Amino acid sequence: MSFNTFGHLFRVTTWGESHGPALGCTVDGCPPGIPVDEAGLQHWLDLRKPGTSKFVTQRREPDEVKILSGMFEGETTGTPIQLMIENADQRSKDYGDIKDQFRPGHADYTYFTKYGIRDYRGGGRSSARETAARVAAGGIARAALAKLVPDMTVRGAMVQIGDRKIDRAQWDWHQVSQNPFWCPDAAAAASWESFLDDLRKDHDSVGAIVEVIAEGVPAGLGAPIYAKLDTDLAAAMMSINAVKGVEIGDGFAAAELRGSQNADEIRMGNNGPRFGSNHAGGILGGISSGQAVVVRFAVKPTSSILTPRKSIDRFGKEVEIITKGRHDPCVGIRAVPVGEAMAACVILDHLLLHRGQVGENQGVIG
């Protein structure tokens, strides 16, 4: 199986399976001299790990990250950084009943069709467990960005669960850490709690929409045509397990606007150009404008549920399938820190590409 690497200069290769002994990643291309330690990376992994509330899978994994290479005296050396996270709470027997059956909506069928073999224990490589390695790599990217672009932040929130949306007028970043849903709207979070309680009792799952906002991104990152910043952001988000749609800025809603409404008007401010709106999500022609970069992605409902569903097995027999085990009723909840990590990796990658090609921005305004 190839294609386990993403990035151009800041390159991340993830490895491992859901029920294997460990998983992790190799980060290549990180600049030298970046302060990194396991405690700093652990902070981000703790935000993604399972078992943090009753609304996510109850698999108990400490997700303790170990740095195996690429460091000396607390700083990166510029050589490959190897990160490892051991699996501690696999229950492979939960999947014995479906070893020959394909879960509807899951990658079971396509993996088997392509490779002729699949790891049925939790989905193997297709499991969302793989995203722990991405979050670890994102921790490296965040550390590098903190040194290279100190004022930049990458934050995410869940803005919709099922058909229940937040009230954007009530957006409060402080609320994101005050509820188990990464929700910036306190009233919406309370509503989601009872909704998910009922969903769990019904042995069902639901989808969600996650929004990631990067503020302080320098203007000039990205390139026209085939190396657009939004192209790589969209690919990064779409690569996350269960993601079925990505949009930048207003995204599909822009189709409802007129040009006079959609254009982000520009005036001169005291510190340079000032935009009157941000329908474009901080990216114009594939290049960052200096505004907040906004990317949103839709996560489908978890395929592994206890509600019986019709399917087939690998012998062509029609079956009815239920999936035992410990699964997220809404995988979008733990996708928030994954989206943040992927955004950090992509933005750092494009920052390094920009520095290598043009150094400082060439255009001067005013």
Exactly one condition in (1) in contact with a Pro (Cβ under 8 Å, 6 or more places away or on another chain); (2) without any contact (Cβ under 8 Å) to a residue 60 or more places away in the chain is not met by THR231; state its number.
-> (1)
Looking only at residues in region 274-329 that are among the aromatic types (Phe, Trp, Tyr) and in contact (Cβ under 8 Å) with a residue 40 or more places away in the chain, which one is surrounded by the fewest Cβ atoms within 10 Å (Cβ to Cβ)?
-> PHE315
Do we find a residue being touching a Phe, Trp or Tyr at 6+ places or on another chain (Cβ under 9 Å), part of a helix (DSSP H, G or I) and within 24 Å of LEU306 (Cβ to Cβ) anywhere in region 169-181?
-> no
Every residue from region 240-260 that is within 14 Å of VAL212 (Cβ to Cβ) and open to solvent by 30 Å² or more (accessible area, probe 1.4 Å) | VAL246, GLU247, ILE248
Go through the residues of region 331-353 one by one and say whether even a single one is open to solvent by 70 Å² or more (accessible area, probe 1.4 Å) and of a type outside the set (Phe, Trp, Tyr).
-> no
Residues in region 178-189: is at least one under 23 Å from MET238 (Cβ atoms) and open to solvent by 60 Å² or more (accessible area, probe 1.4 Å)?
-> no
Of all the residues that make up region 202-252, how many are more than 27 Å from GLU17 (Cβ to Cβ), among the β-branched types (Val, Ile, Thr) and part of a loop (DSSP other than H, G, I, E, B)?
-> 2
Result of the Cβ filter at 6 Å on region 125-152, keeping first residues that are more than 17 Å from HIS354 (Cβ to Cβ) and partners that are among the aromatic types (Phe, Trp, Tyr) and modelled with pLDDT under 95, at least 6 apart or interchain, is none
Which number in (1) open to solvent by less than 30 Å² (accessible area, probe 1.4 Å); (2) not in a strand (DSSP E or B) marks the one condition that ASP119 misses?
-> (1)
Tell me, which strands (runs of 3 or more DSSP E) wholly within region 270-336 include 2 or more residues that are of a type in the set (A, V, I, L, M)?
-> 293-299, 318-321
Some residue of region 299-311 being modelled with pLDDT of 95 or more, small (Gly, Ala, Ser) and under 28 Å from the mean Cα position of the chain (by Cα) = no
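The values are calculated or read from the model by the stated rules, or taken from the named source; none is laboratory data. These figures come from a predicted structure and were not determined experimentally. We place every Cβ from the backbone using ideal geometry, glycine too, and count neighbours over all the protein chains shown. When the accessible area is computed, the model is the full protein with side chains, heavy atoms only, and any ligands, DNA or RNA have been set aside. Shrake-Rupley method; radii C 1.70, N 1.55, O 1.52, S 1.80 Å.
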